[in-house]
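The block underneath contains the structure these notes are about, expressed in structure tokens.
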Amino acid sequence: MKTLQRPRFRDLFQGECAGAPVLRKLWDHFDFSFLLTQAGIFKVRGVPTWMLSFLYVIGLIAQCSSVSKIAELAGKDALLNVMFRGIKITQSTLSRFLTASYNWSFFGQKRIERLQGEQDTRLQEGDSINLDDTQVVHPYGKKLSFLCWLYDHSLKIHVWGMNLVVLQAVLRNGIEYPLSYMIWRKPEVKGEGPTKYDLAREMLLQLRKFVTCRLWVAMDRWYLCKDFFNFLTDNSFDWVTKAKRNTALYRKEIESWSGRERYVPVSPLMIIKELFFQLTSQGKSGIASVSIPNIYIKMPYETINKKGRKVIKQRYTPIAAVVAIRLKEDQKEYEEKIIPDDPTTEQPAKYRGAYLIISNRFDVPKEALSVYVKRWRIEVFFRAAKQELGMNNCHSITEGHHHAHFELLFAAETLVSYAKWQANQGKTSVEEGFTHGEMVHSLFHTRCEVRLKTKKGIQQVCVNFDTTVRKFARLFNLFWPKEVRMFFGISFTASQTFPLCA
């Protein structure tokens, strides 16, 4: 009787990060390795700085839940082994690198400076900055010095976590990327310590070191503060936000019998109701809006009275008032999480789905509305960062690790957003373009087969990609190493050879 032998399978070297060479090309395009050196972030245990940081970025895109998973990915992924020239990166090396006391905020500033030196990513006059905050939950920590007991509006429970105040750049050419962040700490005594307004002021002043042109700042109604508005206008920022229910507005009228000017108090709800039927007459699809002139708001200013003392007075300042309906953030699937039983929650001025948008640019109300519509992109960024880049996956007890995590996540989002913008060039509609999830799961984190071979004495690497990357041919042509060319075979399998030293 003959014995049936076991089948013999070909030993293939598999990889999970097929788009890693493209990501590395973008990494070098923005000189992130050089910026790390400028920030004083050096190698650990003989492993280069760029390699550790780049591996962490790949781990974020691959949705690795811990440092040990990232080290495991580096050890088993054939393509990463080739790119890292066989250098073994252990969990201990990564942990020591991430928990070291490096100045990661300085790296973030250098990243912003580098982006302003690039023609495609440079902020220019008319571009907008989104300002908002988000909570990063730390479910396995309790009473750590850098955590606060915060209320989660989505889960309706209190959690231990951090509250990040974030700036995001949205350019008119379609590129959007995160700028900077600061952690707001809930004070033990109310009124003490820096507020979210103070953190926003500090980040905007840091941005002014690299950008001098006039910019928009779009924010939600929580940041409606007159002192903050004065700060923005004094520093060449135009602001736009959504009015609250208790926002005091005034309408300028001329008395018929005397010809004098009067400022009549009017509530945002009255303005919305007055123009609501004009909104409904514009159709039932898309954003409908109507602007109303001669709306003013009292803004404080400092002056000296007759006794030589500094006093705060109010002056009527014209603003843009636009009533809009069917904003994307107000659709049913994107409803704001408001606590109905919390008396401290300031409700927006709303009537049958219509809201009032206000801005200091009373001369261009339509542009102010278009800028506010872009504000929703920072909410999309928060969702993508938490669901696709693992913003909430850092559970370290070291605060420095969290700062490294956030800064490298912002760097990863910058690269993904730039690649997405390049891939969507020439697309005629939003439906045809690639989404953030497609860029992550169909390009940067997809399967590939790696084979090593020697041809004419030169060791080469042959990479066979999954067919899902075929639609990203434009990115491979733009950002694959220049000494080689990318081509797609008839069998719809992408293959490429490049030197081992690439």
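Can you tell me how the range 347-443 classifies by the Cα gyration tensor, rounded, prolate or oblate, using a/c under 1.5 as the rounded cut?
Numbers: a/c = 2.35, a/b = 1.40, b/c = 1.68.
Oblate, because a/c is 1.5 or more while a/b does not exceed b/c.
For the chain, what is the charge dipole size about the Cα centre, in debye to the nearest 20, if Lys and Arg each add +1 at the Cβ and Asp and Glu each add -1 at the Cβ? Walk me through the numbers before you get to the answer.
Details: 72 positive and 49 negative charges, 125 e Å.
In total the dipole reaches around 600 debye.
Under a cut-off of 16 Å between alpha-carbon atoms, report the aspartates and glutamates in cross-link reach of Lys471, not counting same-chain residues fewer than 8 places apart.
Within reach: Glu431, Glu432, Glu438.
Would you work out if the range 1-122 is rounded, prolate or oblate? Take a ≥ b ≥ c from the square roots of the eigenvalues of the alpha-carbon gyration tensor; rounded if a/c is under 1.5, else prolate when a/b is larger than b/c, oblate otherwise.
Details: a/c = 3.25, a/b = 2.04, b/c = 1.60.
Prolate, because a/c is 1.5 or more and a/b exceeds b/c.
Go through Lys455, Lys142, Lys25 and list them by solvent-accessible area, largest first, probe radius 1.4 Å. It would help to have the intermediate numbers written out before the result.
Numbers: Lys455 120, Lys142 145, Lys25 65 Å².
From most exposed to least exposed: Lys142, Lys455, Lys25.
Please name whichever of Phe465, Val322, Thr241 sits farthest to the positive end of the charge dipole of the chain, dipole taken about the Cα centre and charges placed at Cβ: Lys and Arg +1, Asp and Glu -1.
The residue sitting farthest along the positive end of the dipole is Phe465.
Which value, in Å² and to the nearest 10, is the accessible area of Met270 when all protein chains are kept and the probe is 1.4 Å?
Accessible surface of Met270 is approximately 110 Å².
Would you calculate a helix-derived [θ] at 222 nm for the chain, using -39,500 (n - 2.57) for each DSSP H run of n ≥ 4 and dividing by the full residue count, to the nearest 500? Don't skip to the end; give the middle numbers.
Values: 15 runs with 159 residues, N = 502.
One gets -9500 deg cm²/dmol as the mean residue ellipticity at 222 nm.
For Lys244, give me every one of the aspartates and glutamates with a C-alpha distance below 12 angstrom, ignoring sequence neighbours fewer than eight places off in its own chain.
Output for Lys244: Asp220, Glu346.
As a test question: what accessible area, to the nearest 10 Å², does Thr398 have when a 1.4 Å probe is rolled over all protein chains in place?
In the full protein context, Thr398 sits at about 50 Å².
If you place +1 on the Cβ of every Lys and Arg, -1 on the Cβ of every Asp and Glu, and leave all else neutral, what size is the dipole of the range 351-457 about its Cα centre, to the nearest 20 Debye?
In debye, rounded to 20, the range 351-457 gives about 440.
Using modelled backbone amide H atoms (1.01 Å from N, in-plane), which distant-in-sequence or interchain residues come within less than 5 Å of Ile89's amide H?
For Ile89, whose amide H was placed from the backbone, there are no distant partners under 5 Å.
Which loop chymotrypsin sites (Phe, Trp or Tyr not before Pro) in the range 106-172, with loop taken from DSSP, have no more than 14 other Cβ atoms within 10 angstrom of their Cβ?
On the way: sites: Phe106, Phe107, Tyr140, Phe146, Trp149, Tyr151, Trp160; in loops: Tyr140, Phe146.
Answer in residue order: Tyr140.
Could you work out how far apart the two model spin labels at Arg85 and Cys213 are, taking each label as a point 7 Å from the Cα in the direction of the beta carbon, and quote it in nm?
Reported label-point gap for Arg85 and Cys213 is 4.0 nm.
Along the charge dipole of the chain, Cβ charges K/R +1 and D/E -1, which of Ala368, Gly426, Thr303 sits furthest on the positive end?
Working it through, the farthest residue towards the positive pole turns out to be Gly426.
Quote the FRET efficiency, to the nearest 0.05, computed for Ser101 versus Val189 with a Förster distance R0 of 30 Å and r equal to the Cβ-Cβ distance. Provide the component values of the computation, followed by the final result.
Numbers: r = 29 Å, r/R0 = 0.96.
Calculated transfer efficiency: 0.55.
Filter the cross-link list Lys110/Lys386; Lys25/Lys186; Lys110/Lys242; Lys186/Lys273; Lys226/Lys284 down to pairs whose alpha-carbon distance in this structure exceeds 29 Å. Could you put the intermediate results ahead of the total?
Working: Lys110/Lys386 24 Å; Lys25/Lys186 41 Å; Lys110/Lys242 33 Å; Lys186/Lys273 38 Å; Lys226/Lys284 35 Å.
The pairs that break the limit, which is 29 Å between Cα atoms, are Lys25/Lys186; Lys110/Lys242; Lys186/Lys273; Lys226/Lys284.
For the range 353-397, what is the convex hull (Cα atoms) projected area averaged across all directions, in square nanometres?
Values: hull surface 21.7 nm².
Averaging across all directions leaves 5.4 nm² for the Cα convex hull.
What does the charge count near Glu72 come to, summing +1 for each Lys or Arg and -1 for each Asp or Glu among other residues with Cβ under 14 Å from its Cβ? Please report the intermediate quantities before stating the final value.
Working: positive: Lys69, Lys76, Lys88; negative: Glu16, Asp77.
Cβ neighbours under 14 Å give a net charge of +1.
In square nanometres, what is the average projected area of the Cα convex hull of the chain? Don't skip to the answer; put the middle values down first.
On the way: hull surface 139.4 nm².
The directionally averaged projection comes out at 34.9 nm².
How big is the C-alpha Rg of the range 199-293 next to the rule-of-thumb value 2.2 N^0.38 Å, as a ratio? Please list the in-between numbers first.
Values: Rg = 17.7 Å, N = 95, 2.2 N^0.38 = 12.4 Å.
Taking the Cα Rg and dividing by 2.2 N^0.38 Å, one obtains 1.43.
Need one word for the range 240-331: rounded, prolate or oblate. Basis is the Cα gyration tensor (sqrt eigenvalues a ≥ b ≥ c); a/c below 1.5 gives rounded, then a/b vs b/c decides. Don't skip to the end; give the middle numbers.
Values: a/c = 3.73, a/b = 1.82, b/c = 2.05.
Cα axes put the range 240-331 in the oblate bin.
For the range 46-180, compute Rg over Rh where Rg is the Cα radius of gyration and Rh is the Kirkwood radius from the inverse mean 1/r over Cα pairs.
Answer for the range 46-180: 1.02.
Taking 0.36 nm per intervening residue step and subtracting the Cα-Cα distance, what contour gain separates Lys306 from Lys386 on full extension? Please report the intermediate quantities before stating the final value.
Values: separation 80, 0.36 × 80 = 28.80 nm, distance 5.63 nm.
My answer for the length gained is 23.2 nm.
Considering the alpha-carbon set of the range 110-165 alone, what are its Rg and its Dmax in angstrom?
17.2, 45
For the pair Ile157 and Asp31, how long in nm is the line joining their label points, each one 7 Å along Cα→Cβ?
4.8
The values are calculated or read from the model by the stated rules, or taken from the named source; none is laboratory data. Fair warning: this is a prediction, and the values are worked out from it, not measured in the lab. Don't worry about glycine lacking a Cβ; one is built from the backbone with ideal geometry, like all the others, and counts go over all protein chains shown. Calculation scope for accessible area: heavy atoms of the full protein, side chains included, ligands and nucleic acids excluded. Shrake-Rupley method; radii C 1.70, N 1.55, O 1.52, S 1.80 Å.
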